[in-house]
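Visitor: Here it is: the structure, laid out below.
The values are calculated or read from the model by the stated rules, or taken from the named source; none is laboratory data. The structure presented is a predicted model; accordingly, all values stated were derived computationally and were not measured. Note: ideal-geometry Cβ built from the backbone for every residue, glycine included; neighbour counts use all protein chains shown.
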Amino acid sequence: MSMPDIPDKIRRHGISRQEANNLLLVSIAMEEIALSHILNAQGEKIQHALSGHMPHEEWRHLEESVGRTFSHVIKKELLLLLKLEEVLESECRCCDCDEE
């Protein structure tokens, strides 16, 4: 997998706070999409097992594997929530909006 390329505009001139916040929001959305693909793959594993194509001896391993994956996804979701809250707070500080 290759590293993301930073556009020339950012390298040469920098970006505004609003542009940075927008890029952070896009990165959060992309991570959410990636997590949805992981969850979908776990669902497909479970469907495969339930369709009778998996020996019963392997069910315990499947249960542990899916459980660990869900645990990791939940942790990642919490980190993304914190990231989102920081971005939104940054936008609020930037525009001096009143918090309710």
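Visitor: Go through segment 49-82 residue by residue and tally those that are loosely packed, with under 10 Cβ neighbours inside 10 Å and acidic (D, E).
Guide: Total meeting the criteria: 1.
Visitor: May I pose another question? Of all the residues that make up segment 83-100, how many are modelled with pLDDT of 90 or more and either among the charged types (D, E, K, R) or surrounded by fewer than 10 Cβ atoms within 10 Å (Cβ to Cβ) (or both)? Don't jump to the end; show me each part of the working.
Guide: Going residue by residue through segment 83-100, those that are modelled with pLDDT of 90 or more are 83-89.
Add one more test, that the residue is either among the charged types (D, E, K, R) or surrounded by fewer than 10 Cβ atoms within 10 Å (Cβ to Cβ) (or both), and what stays is 83, 85-86, 89.
Summing the residues that are modelled with pLDDT of 90 or more and either among the charged types (D, E, K, R) or surrounded by fewer than 10 Cβ atoms within 10 Å (Cβ to Cβ) (or both) in segment 83-100 gives 4.
Visitor: May I pose another question? Would you mind telling me which numbered condition in (1) more than 30 Å from S16 (Cα to Cα); (2) touching a residue at least 12 places away in the same chain (Cβ under 8 Å) E63 fails?
Guide: (2)
Visitor: Same structure again: Taking segment 24-57 on its own, how many of its residues are of a type in the set (A, V, I, L, M), in a helix (DSSP H, G or I) and modelled with pLDDT under 90?
Guide: Initially, segment 24-57 is screened for residues of a type in the set (A, V, I, L, M), giving 24-26, 28-30, 33-35, 38-39, 41, 46, 49-50, 54.
Add one more test, that the residue is in a helix (DSSP H, G or I), and what stays is 24-26, 28-30, 33-35, 38-39, 41, 46, 49-50.
Still in the list and also modelled with pLDDT under 90: 49-50.
Selection size over segment 24-57: 2.
Visitor: Additional query: If the Cβ limit is 9 Å and pairs must be 6+ apart or interchain, which residue in segment 67-79 that is free of Cβ contacts under 8 Å to residues at least 12 places away in the same chain and under 12 Å from I38 (Cβ atoms) pairs with which residue that is in a helix (DSSP H, G or I) and of a type in the set (V, I, T)?
Guide: Once the first residue is free of Cβ contacts under 8 Å to residues at least 12 places away in the same chain and under 12 Å from I38 (Cβ atoms) and sits in segment 67-79, its partners that are in a helix (DSSP H, G or I) and of a type in the set (V, I, T) give H72/I38.
Visitor: Do we find that L39 is under 30 Å from L88 (Cα atoms) and surrounded by 12 or more Cβ atoms within 10 Å (Cβ to Cβ) in this structure?
Guide: Details: under 30 Å from L88 (Cα atoms): yes; surrounded by 12 or more Cβ atoms within 10 Å (Cβ to Cβ): yes.
Against the criterion (under 30 Å from L88 (Cα atoms) and surrounded by 12 or more Cβ atoms within 10 Å (Cβ to Cβ)), L39 qualifies.
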